[in-house]
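Below is one structure; the comments refer to it alone.
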Amino acid sequence: MKTVRLSLVLAMGLVPALGFAQPLGFVLNSDSASISLIDMATHRPVGEVPVLRQPHHITRAPDGRFVLVGDTVGNQILYLDPRTGRVVRRQTISDPYQLMFSPDGRLLTITGLARNQVDIYRYDDRTGLTLWHRVPARSMPSHTAYAPDSSAVYVSLQGSNRLMAIATGTGAVLWDARVGETPAGVLWNDGALLVGLMGQDGIAVVDPADGQVRRMIKTGRGAHNLFFSPDDRLIYVTNRVAGTISVLDRATLRVVRDYRVPGGPDDIEFAPDGTLWITQRFDHGVLFLDPETGRFSRVDVGRSPHGLFLNTDQTTHRTAFP
Amino acid sequence: MTDPFDTVAGYLQEHVVVPILWQLGWMKWEDLAGGWALFAVYGAAQVALMFAICMPLEKFLPVERWPDRSAVLTDVFYTVLQRVGLLPLVTFVGFYEAQTTLNAVLTDHGIVPPTLEMLFPWLLGRPVISFLLYACLLDFAEYVRHRVSHKLRWWYALHSLHHAQRQMTFWSDDRNHLLDDLLGAVWFGTIALAIGVSPMQFPLLVLLLRLLESLSHANARLDFGPVFGRLLVSPRFHRTHHGPGAAGRRSCNFGAVLPWWDMLFGTADFSADYTATGDVTASETLASGGYLAQQGAGVRRLVNDIRGDSRQPAPRPRGGGPGVRPANMESP
């Protein structure tokens, strides 16, 4: 097993202000090589962290000490202090696109969208990431979800219209099945996998045992990513082409509401005050949606904002329902 | 406030490009299409800016006047095709794909691809300065490529399309054979990959360099003087390169934007003449044919040169050279 050499470089004082009064929201500007720091109380940008090339996704480490950002073209993982946005260290990792910790907090799966590979790392907060399995994938592995017991990880293959299942213990491919056009976000819900289909107008409900599509649920054109609501009752689906967000009842998977959200909605985070933060890929902003009224405000950030993280006291929001 | 270019590109992406991709079943290219839209908008703006700067210069300070400007129309087609369509596609999508894949493979093998920002961490977060440094390095790469394209007989067979124009205007910068462009793109892209140019800066670098190159092709009696003219390539400086005496293997003033490389390697000619332009070895089709006819003629010349059946002229002196008509139809 190959251990990736760590390059632990101390941050170079890139963020001038290190003490923010309010918790921060982190917005990854994929096409302007930066991370916008936004005051969660005022919704105003308060700082910007430069990165090397192209940050896409962000996740909080299980112990909460760091948030990890993948810089795909820069081939780096950045470890940031979630309170200040300060870069604490950098680690050389090839093509880190999507990154997600397993429910048990011991593994981190990183998809290499350009490299057509899925890397499963073991995580240690002192030494960082150690490569555990490297699994070749078909074209463009993008989003991931885990089985609730962390025994398997499911990866959408955007360029080949398929979903693959990998055993996290052995790195073996359990199955690799066609699920629909341009699959993106994946979510485990009540014993089924929900997969957003960018090339279609809804999500596929997939059997995690064999990858077979059990049924389709229409949400909107360009269904992209899926998120559980903080109260665990709802699932929000961003429909990139339609410019909408569909809300599904988690138990029945019926669409209960649609919001008109312009600008290419992508990722969603939930603020403690109930506001939904939504990145707008085409409109270069973050939109703040009041789910009660459907009204929203927005703030400009960098170019093509993608991944999003809010430093709230709650643990990383749920990514799987048994 | 969002950059107006981003706003226009975002609108195009949301309301035109992505819906079309969705209809065609090409959504896997959605992310990259956004980059293409942005650089196509930059390309269109660049053509407009070039027009606004160069048209008045050519109208009020022309070197030559021509009763029939139909040959210029073909150059206009080259420019729009290149800068709004092909160039953004090749420079963004092609470069992005190549860089992400190559760099990730190298990283997997323990080789971290260098970037200026890694060599000089101070540059991180200072994109304007790193942009200018990359521009200088790439301009030097262009000087080398251009010189080689004149030196190698088969390559000049393709490049002669660019030199054949006798009605050189600011539109002439893009009149190149597609194979010549392809070679140039591979060279330029390879150098950019090697020095770690950001994929979001690369198309902008190309557009900036091309904007200045357009100015240097303008049919304008414009010299930047003894000091500034040694900092930036002027229309007069580059016109010497397009003189009939400078077509082919013995040429001068290869620099695209900065004359420094010509000064450094002894190929600069700062003589004050405004020469006529053209390549006497090029066929009339290469000089004044339509787009497709020129492309075909370029291939024929390449094939003939490879077979050894060329009309390569005898070496000539630099610049306009003896017997070369200075283009003095207009008074300075």
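A simple rule links phi to the HN-Hα coupling: the Karplus curve 6.51 cos²θ - 1.76 cosθ + 1.60 with θ = phi - 60°, which for the stretch B:141-154 gives 4, 5, 4, 5, 4, 5, 5, 5, 5, 8, 6, 7, 4, 5 Hz, with x for Gly and Pro.
Residue-wise HN-Hα couplings along the stretch B:122-130, as the Karplus relation 6.51 cos²θ - 1.76 cosθ + 1.60 with θ = phi - 60° gives them from phi, are 4, 6, 4, x, 10, x, 5, 5, 5 Hz; Gly and Pro carry x. Close amide-amide hydrogen proximity is noted between A:TRP175 and A:ALA165, each under 5 Å apart and 5 or more residues distant or on a separate chain (H modeled in the peptide plane; Pro and chain starts excluded). Computed over chain B, relative contact order equals 22 percent, with contacts defined as Cα pairs under 8 Å that lie 6+ residues apart. Relative contact order of the stretch B:21-118: 38 percent, from C-alpha pairs under 8 Å at least 6 residues apart in sequence.
Applying 0.36 nm per residue to the separation of A:ASP210 and A:ASP258 and subtracting their alpha-carbon distance, the gain on full extension is 14.2 nm.
Each Lys or Arg adds one and each Asp or Glu subtracts one; over the other residues with Cβ under 13 Å from the Cβ of A:ALA204, this totals +2.
Each 10 Å bin from zero holds the following percent of Cα-Cα pairs in chain B: 6, 24, 33, 24, 11, 2, 0. Once the gyration tensor of the Cα atoms in the stretch B:1-110 is diagonalised, the equivalent ellipsoid follows with semi-axes of 35, 19, 14 Å, ordered largest first.
Across the stretch A:268-276, computed HN-Hα scalar couplings (Karplus, 6.51 cos²θ - 1.76 cosθ + 1.60, θ = phi - 60°) run 10, 10, 10, 7, x, 7, x, 6, 8 Hz from first to last residue, x flagging Gly and Pro.
Surface composition of the protein assembly as shown: carbon and sulfur atoms hold 60% of the protein heavy-atom accessible area at a 1.4 Å probe.
The H on the amide N of A:HIS143, modeled in the peptide plane, is under 5 Å from the matching H of A:SER156, each at least 5 residues off or on a different chain.
Seen from A:VAL118, the other residues with C-beta closer than 12 Å to its C-beta sum to a net charge of 0, counting Lys and Arg as +1 and Asp and Glu as -1. When only the Cβ of Lys, Arg, Asp and Glu is charged (+1, +1, -1, -1), the dipole of the protein assembly as shown relative to its Cα centre reaches about 1440 debye. Look at the alpha carbon pairs under 8 Å that are at least 6 residues apart: their mean separation over the length of chain A gives a relative contact order of 13 percent.
Among residues other than A:PRO265 with Cβ under 14 Å from its Cβ, the summed charge is -2 (Lys and Arg +1, Asp and Glu -1). Measuring from centroid to centroid over Cα atoms, what is the spacing of the stretch A:60-110 and the stretch B:116-164 in Å? Answer, in whole Å: 35. Summed over the residues of the protein assembly as shown and divided among them, the accessible surface reaches 39 Å² per residue at a probe radius of 1.4 Å. Take the accessible area of B alone and of A alone, subtract that of the pair with a 1.4 Å probe, and the total buried over both chains is about 3400 Å².
The values are calculated or read from the model by the stated rules, or taken from the named source; none is laboratory data. Since the model is a prediction, treat every value here as computed from it, not as a measurement. Every residue, glycine as well, gets a Cβ built from its backbone with ideal geometry; the counts of neighbours run over all protein chains shown. Surface accessibility is based on the protein's heavy atoms, side chains included, excluding ligands, DNA and RNA. Shrake-Rupley method; radii C 1.70, N 1.55, O 1.52, S 1.80 Å.
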